[in-house]
Structures are given as structure tokens and as C-alpha cells.
Amino acid sequence: MKRFELIAVLAASVVCSAAHAEDSVTIGVHASFSGAGAAFAEGMLAATDFATEDANKDGGLDVGGKRYKIQFKQYDDRYRAADAVTAMDRLMIQDGIRFVVGPMGSAAAVATKDQTTSGKVITMTLAFTPRALGADAPFAYRPVITTGEFSDPQVAWLMKSTSAKQVVSLLPNDETGQQIGVANFNSYAKAGTKLQVEYFERERVDFVPILTRILMKADGLELGGNSPTTAGLILKQARELGYRGPVFVTGGDVSAEMLKVAGKDAAEGTYVHLPIDTGLPDTAAYVARFKAKYGQNMNGFSPFFYAGLQMLFTAMKKAGTVDDTTKIAKTLDGLSDVPTAMGKAGWTGEQKYGIKHQIDLPFYVGQIKDGVVTKVATCDVNACK
Amino acid sequence: MSMDIILAQTIVNGLMVGMIYVLMAIGFTMVFGIMRIVNFAHGEFYMVGAFLFAILYGSNEMPFAVSVLLAVGATALLGLVMEWVVFRRFRGNELNGMIASVGVALIIQNSALLMWGASARTVPPVVSGVLSVGGIVFPWSRLVVIIGAIVAVVSLNLLIGYTRIGRAMRAVAQDSEIAQVQGIRVDVIFPAAFVLGVSLAAFAGVLMAPVLSVSPFIGLAPTLKAFVIVVIGGLGSVPGAVVGGLLIGLIESFAGTFVSASLSEILQFLVVIAVVLLRPQGLLGRKEREA
């Protein structure tokens, strides 16, 4: 992100919150703006920036015949559960915010779940843990597609395509990593492949000792679930050690940042989860808008949050209120085929999570070829083709 | 892969990480030994050095040697300013100096975040390829780190052992008041020691930038390691920092390779606890004289 653009967005968020207009709605962006996941947070912030900009175009969001100016304010949880709770307290109690883009990490989502549920705060989380959603969290929504949705069909397709039989995975030793580790292990087992999961402390940057051991017998390396920076570092160091086997990144969209860290040569041939199809005109327009404003490739999660906010604003309009979050949530639950930047979206997940708060959109498998991610398969929750 | 090969690779990995820790810990322990300040901003100078090198060598494609000199020099200048503005007021005041250093660390880290962004950036390798000896693969990028760090440590040893300023630093570390009575200008030695420590951290950052990646958040882990190492080696002891750094690097490498990454962290802190219990002054540190 261009520095001055980021500073401008940050400044705007502060100014917006300071000048709290009477007919206004503030969206809190609760994410890890510092730490290894900052690229995700920047994507979430940019989505909120664009969504509010669009909503304010004609004088504000029209709800019940009244125009509401949408503004946003950011809160940094520094990728730590304790800081996430503090940030959520500030957001809810100090600033009285009822709509949140975030929490970002699984640990943060789990740690703040009780707060947001009791405060009836509508959240749009990036957390991959299944515990982020549920009947006990009626105000928590997830506008991104997670490992729980894409892991099984993607892994089945990848194992069929590469014939890997013994895959190793490196994941951070925290709530996020452990949940993804279990999900990945099960998905690989279903595909008939043994997955060995190795955990490391999140602050670790030198993976060579671990890689020296785990790559001895492996014919596949799974990096899904790591931050883009970490995935890039592991990939770079694995290639330095002479590993030439296939690499899979089945979790999250890490391609742009991972390519920057690992370099084009090390990343060549890597299979990645591709959350968006830039062949769709609206998605391509969003990508171009991001590039034009921030001067760099966007994180693939960003348009999902934009789509989530589009759905939220639609629900506010239909519910005719910006204050009654119970009514807004109920309206949001009933939305389907909402035109968004990612295509027509609705909600799914009742069977898996006990509540229909998981966004319903197609997803893709990509492969890095000469520094560019190319779509190689299109998937839904049942299969990739 | 045979056990001999894995063993050799594990040793090389441990030496590389250990030598970086040595560079970090020497600067950290020197500042403590001479100024009595536990400088938790030390890792941020590592980060600044790495960032400047990434900008000069990676983005602007300047010659390697020029990039190294400019990155280390500019970071040293930043260190000098910080010493003049902040740290000189806390000389000998360990607790307040430590708190001030945490503040300086946060200021430097967040300034870097605003200036350079949160995204990690990579630096093109200074050398590429691997050295293959009898089936053992050593990435050249890592061997360069080991060689660079050895050169830095030997140079520092010569500076401290055989130059006028080095002798003055040792004298100030032993007793600053007596040193001043002997005509040593402690007002020059304090900033000189601080800048030397900062330069070593910046050089460590420069060496590691092409091997790892560079972001505003890379300073914390080396600072914590440096702290652990100087506790093991002995606060204020340069030889202790060398022994402690290599020990931690090898523990990390062996435990990570043969057992698990989590156990390597546990082992390091078990060593720290054992040293604190059995030899509180550190492996090569001296006991504080009681008044």
C-alpha cells in the first residue's frame, strides 16, 4: 500500500470518528494492523474504506427515509487475544460501535465472542476457526470462505493431481494454527494422504532446523494457515535446502505477499487457494480500484469484506434501522442472491456451524506460474473441477 | 539423507543463527556493561539496518558494499541521536533506562510501520546456490552470514583489545569514575559504545535481510534472544555473549531438527533458569561486588 495512501486512510478514520455526526454510523475495523497478519488487516481496512465511500456517495446510506453518513475507525489487536479483548472493549464501550469488520484472527474471535454477543454487536470475522460461528454467536458472520469450506474439495483435487502420499505441514502453535492443523489432517486423510503437522511459535522466522527434519521423508509441503509472510519464508527456506517437491497453500489468500517474500523462482509451481476470480467484471473492477488507490496488489480477502459490508448495508436498508442490531441481523440472515463485488452472495453453514452465517460463494485453486497466479480449478463445498 | 549429513547441516544452521545472536548479544551486553542500560530497543536498530539495506541494495540496486556501509552508518547515526536525546539521561539508571528503551523501541517500530508499511519485503540474495560437500547441502546465503558475523566479531575483538578507544571502553565498563579520574573522556566513550552496539545490531540486520525477510516487526525476536543470551553468558561480558549466542543457536537448531520447534524454546529457557539458579552471574560473567 502506498505509504501516503495508508496514512491518509488512517488519518481519515481518526478524523471521521472524532467528528461524530448526528446521523452517522461508525464501523469498527478490529484487526492486526501490526504483526505478521498486517497485510490481511490492510485489506479489511481498504474494503471498509471503499464500502463507506460508496455508501456516502449520494449523501449517505438511505435507511428508513433518512441519510446516514458511514464512517469507520480502526483498532489494532496486534494479533494477540488479550489485546483483541482490550480493543473490543474500547470499540464497544468507549466508542459505542455496533458494527465490526473483524475480529481478524481465530484467537481474537474466540476471545471476544462473549463480549460481542452480549453487546449485540454485528461482527464480520476473518477467523478460520469453526468456533467463530455458531448458534451461541447470533451476531457473528463470516464473509470469507474458510478451510472448513474449501479444504476437503481442494485437497482431494490436489492429491489427485500431484499423487503426493506423505505431506508435511508447518503451522503456528496457537488457536488458529491448531484448528487449521486438525482440519487439514482430516482433509488429507479423506484424500488418502498422510499429513504430518508440525507446530512452531508464531514469532519464529528461521524454519531451516524444522524443515531439515520434516522434509526428509515428505513428497509434499502444506503451508496453508500461515500468514503470507511466514508462508513465503518457509517456502524460500525449503527451496534453499533443495526441496523440489510440490507445495500447497490451501488456506487463505497469501499469494501476493508470499510471492514478494519467497521470490518468483522459489514460488514457481506452488498451488494456492484462490478466493477470487478476476474474470468476473465486478471483482476485476474492485482489484483495479484497489491497485489504483493503494498502488499495490491487494490481499484476496479484501473484496470479501467489501461484499460483507454490501450485504450489511442492504440489511440495514431493508430492516429500516441502524440501531436495532437484532432486527438487522435477522434481516441479514434472510438475504440471498445479493449482488456484490464477488457475484451474488448469500449465507450457508447451518449444517456445519448450526447457523447460516457463513458466506456462500464459489472459490478456486490457482497455481503460480512465472510469478502470476493462474486459475486451475473451480470449486464449491463438494468438489473442484 | 544420512544421519551424518543431517548432523552437519544442523551444526551449520545452528552456527548461522548463533552468530547472528552473537552479534546482537554483543551490542546488547556492551551497552549494558558500559552504560548500565538494558536496551530493549536494540532489536529495532537491527530492523532499521535491515530495512535500509533492503531499500539501498534491494530497491535501488546500489552496490553491495556501499549499501552495507550506508545502512550501518545511517543506523549508527540514528543510534547516536537516540543516545544523545534519550539514553544519556539514564546512564547508570537501570530501571528507568530499561523503561525508556521500551518506549524508544515502540517509537522506532511504529515510525518504520508508517514510513515503510506493514508488508514484508525481500532482499535479493547476495549470493545464490548451494555448496554441496559430500552430499551435505549448505546454502551460500547462510554461509555468507556466518563469514560476515565472524569477521565482525574478530574486528570487534581487535578493536576492544588492541586500540586506545577499546581499552578506554574496558576501563569505563570496569569503573567509570576511576576511568574518568585517569583522564578517560567518559562522555565520548558512552556514545561511542552505544553507537558500536547499534552498528553491530544493524550489521546483523544487513546480514539477515537477504536470508529472511524485512518488516517493521522483525526486531522483537532478536532482542529477546539477545537478552536470554546475555543472561546465560553474563551481563556485560562480551566472551559470554559469544558463548551464549552459539549455545542458543545450536540448541535451537538441534532441538528444532531432532525433536520439535516448541521444545527448542522450552530448552532455551530451561538453560536460562539453570544458569540463573546455579551461576547467577552468567557462564562468563563476574560477580557484582557487594558494598
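Per residue of B:255-261, what is the mean number of Cβ atoms on other protein chains within 10 angstrom of that residue's Cβ? Write down the numbers at each step before the final one.
Values: counts 2, 11, 8, 3, 2, 6, 12.
Mean number of neighbouring Cβ atoms from other chains: 6.
So what is the relative contact order for chain B, in percent, with contacts set as C-alpha pairs under 8 Å and at least six apart?
On the way: 474 pairs, mean separation 104.3, N = 291.
Across chain B, relative contact order equals 36 percent.
How would you classify segment B:1-67 from its alpha-carbon gyration tensor, with a ≥ b ≥ c the square roots of the eigenvalues: rounded for a/c under 1.5, else prolate if a/b is greater than b/c, otherwise oblate? Could you put the intermediate results ahead of the total?
Working: a/c = 3.32, a/b = 1.20, b/c = 2.77.
Because a/c hits 1.5 or more and a/b fails to exceed b/c, segment B:1-67 counts as oblate.
Can you tell me the Rg and Dmax of chain A, counting just the alpha carbons, in angstroms?
My reading of the Cα-based Rg and Dmax gives 20.1, 66 Å.
In nanometres, what is the gap between the two model label sites at A:Ile93 and A:Val182, each 7 Å from Cα along Cα-to-Cβ?
Label-label distance for A:Ile93 and A:Val182, simple model: 3.1 nm.
Amide H neighbours of A:Gln196 under 5 Å, counting only residues 5+ apart in sequence or on other chains, H built in-plane at 1.01 Å?
When sequence neighbours closer than 5 places are left aside, the close amide H contacts are A:Val167, A:Val168, A:Ser169.
For B:Ser260, what charge total do you get from the other residues with a beta carbon under 11 Å from its beta carbon, if Lys and Arg give +1 and Asp and Glu give -1? Please list the in-between numbers first.
Values: positive: A:Arg213; negative: A:Glu198, A:Glu201, B:Glu265.
With Lys, Arg at +1 and Asp, Glu at -1, the net is -2.
Once phi is turned into θ = phi - 60°, what whole-Hz ³J(HN,Hα) does the Karplus curve with 6.51, -1.76 and 1.60 give for every residue of segment B:166-178, x standing for Gly and Pro?
x, 5, 4, 4, 5, 5, 5, 4, 6, 6, 5, 5, 4
List the lysines whose Cα sits under 25 Å from the Cα of A:Lys120, skipping any in the same chain fewer than 8 residues away.
In chain and number order, the partners are A:Lys66, A:Lys69, A:Lys73, A:Lys317, A:Lys318, A:Lys327, A:Lys330, A:Lys352, A:Lys356.
Find the relative contact order for chain A and round it to a whole percent, using C-alpha pairs within less than 8 Å whose residues are 6+ positions apart. Write down the numbers at each step before the final one.
Values: 817 pairs, mean separation 64.0, N = 385.
The normalised contact order for chain A reaches 17 percent.
If each DSSP helix of 4+ residues adds -39,500 (n - 2.57) and the sum is divided by the residues in chain A, what number results at 222 nm, nearest 500 deg cm²/dmol? Working shown, then result.
Values: 14 runs with 165 residues, N = 385.
Calculated from helices alone, the mean residue ellipticity at 222 nm is -13000 deg cm²/dmol.
Which of the peptides A:311-319, A:221-229 is most tightly packed, and how do the rest follow, judged by the mean count of other Cβ atoms within 10 Å per residue?
Values: A:311-319: 20.9, A:221-229: 27.9.
Result, highest mean first: A:221-229, A:311-319.
Roughly what would the spin-label model give for A:Val372 and B:Ile99, points 7 Å off Cα along C-beta, in nm?
5.8
Set the Förster radius R0 to 25 Å, insert the Cβ-Cβ distance between B:Leu159 and B:Val181 as r into 1/(1 + (r/R0)^6), and round the FRET efficiency to 0.05.
After rounding to 0.05, the efficiency reads 0.55.
Sorting A:Ile70, A:Ile145 on the 10 Å Cβ count, fewest up front, what's the list?
Numbers: A:Ile70 23, A:Ile145 26.
Least to most surrounded, the residues fall as A:Ile70, A:Ile145.
Over the residues of segment B:171-235, compute the C-alpha Rg and express it relative to 2.2 N^0.38 Å. Write out the running numbers ahead of the final one.
Details: Rg = 15.9 Å, N = 65, 2.2 N^0.38 = 10.7 Å.
That ratio works out to 1.48.
When averaged across all projection directions, what area in nm² does the alpha-carbon convex hull of segment B:3-278 cover?
Working: hull surface 61.1 nm².
Result: 15.3 nm².
Can you list residues from other chains, or at least 5 along the same chain, whose modelled amide H is less than 5 Å from the amide H of A:Gln74?
Amide H to amide H, under 5 Å and 5 or more residues apart or across chains, A:Gln74 pairs with A:Val29.
Arrange the following residues from fewest to most other Cβ atoms within 10 Å of their Cβ: B:Lys225, A:Lys66, A:Lys369.
Working: B:Lys225 24, A:Lys66 11, A:Lys369 14.
The order, fewest Cβ neighbours first, is A:Lys66, A:Lys369, B:Lys225.
How do A:Glu53, B:Glu44, B:Glu83 rank when sorted from fewest to most other Cβ atoms within 10 Å of their own Cβ?
On the way: A:Glu53 13, B:Glu44 31, B:Glu83 24.
So the ranking, lowest neighbour count to highest, is A:Glu53, B:Glu83, B:Glu44.
Given C-alpha coordinates of the protein assembly as shown, what is the ratio Rg to Rh with the Kirkwood estimate of Rh? Intermediate values should be presented prior to the final figure.
On the way: Rg = 26.4 Å, Rh = 26.3 Å.
So for the protein assembly as shown, dividing Rg by the Kirkwood Rh gives 1.00.
Lysine pairs, Cα distance under 14 Å, 8 or more residues apart or cross-chain: how many in segment A:146-273? Please list the in-between numbers first.
Details: A:Lys160/A:Lys190; A:Lys160/A:Lys194; A:Lys165/A:Lys190; A:Lys165/A:Lys194; A:Lys165/A:Lys217; A:Lys194/A:Lys217; A:Lys236/A:Lys260; A:Lys236/A:Lys264.
Qualifying lysine pairs in segment A:146-273: 8.
What is the mean number of Cβ atoms from other protein chains located within 10 Å of the Cβ atom of each residue in peptide B:58-66, rounded to a whole number?
0
Quick query: amide H of A:Tyr364 versus all other amide H atoms, modeled in the peptide plane; which residues come in under 5 Å with a sequence gap of 5 or more or a different chain?
A:Leu274, A:Cys379
Among B:31-38, A:349-356, how do they line up by average Cβ neighbours within 10 Å per residue, starting with the highest? Before the final figure, lay out the partial values.
Numbers: B:31-38: 24.6, A:349-356: 15.8.
Per-residue Cβ counts within 10 Å, averaged per peptide and sorted highest first, yield B:31-38, A:349-356.
In whole Hz, what ³J(HN,Hα) sequence does segment A:348-361 give by Karplus (6.51, -1.76, 1.60; θ = phi - 60°), x for Gly and Pro?
For segment A:348-361, the Karplus-derived couplings read 9, x, 4, 5, 7, 10, x, 7, 8, 10, 9, 4, 10, 8 Hz, x marking Gly and Pro.
According to the square roots a ≥ b ≥ c of the eigenvalues of the Cα gyration tensor, what is the shape class of segment B:71-175, taking rounded for a/c under 1.5, prolate for a/b larger than b/c otherwise, and oblate for the remainder? Please list the in-between numbers first.
On the way: a/c = 2.83, a/b = 1.34, b/c = 2.12.
Oblate.
How large is ³J(HN,Hα), in whole Hz, for each residue of segment B:16-25 in order, when computed from phi with the Karplus curve 6.51 cos²θ - 1.76 cosθ + 1.60 and θ = phi - 60°, using x for Gly and Pro?
5, 5, x, 5, 5, 4, 4, 4, 5, 5
At 222 nm, what value in deg cm²/dmol follows for chain B if DSSP H runs of at least 4 each add -39500 (n - 2.57) and the sum is divided by all its residues, to the nearest 500?
On the way: 11 runs with 206 residues, N = 291.
Calculated mean residue ellipticity at 222 nm is -24000 deg cm²/dmol.
So what's the convex hull volume per residue for the Cα atoms of segment B:1-141, in Å³?
141
Among rounded, prolate and oblate, which fits segment B:182-274 when a ≥ b ≥ c are the square roots of the eigenvalues of its C-alpha gyration tensor, a/c under 1.5 means rounded, and a/b larger than b/c means prolate?
Details: a/c = 2.93, a/b = 1.54, b/c = 1.90.
Because a/c hits 1.5 or more and a/b fails to exceed b/c, segment B:182-274 counts as oblate.
Percent antiparallel among DSSP beta bridges with both residues in the protein assembly as shown, to the nearest 5? Each step should come with its number before you reach the end.
Details: 27 of 59 bridges.
Taking every DSSP beta bridge within the protein assembly as shown, about 45 percent pair in antiparallel fashion.
When the label point is put 7 Å from the Cα of B:Ile150 along its Cα-to-beta-carbon vector, which residues of segment B:1-44 have a backbone N closer than 18 Å?
Backbone N within reach: B:8-24.
FYI, it's all coordinate maths here, none of it is from the lab. These numbers were taken from a predicted model, which means no experiment stands behind them. Glycine gets a Cβ as well: all are built from the backbone with ideal geometry, and neighbour counts include every protein chain shown.
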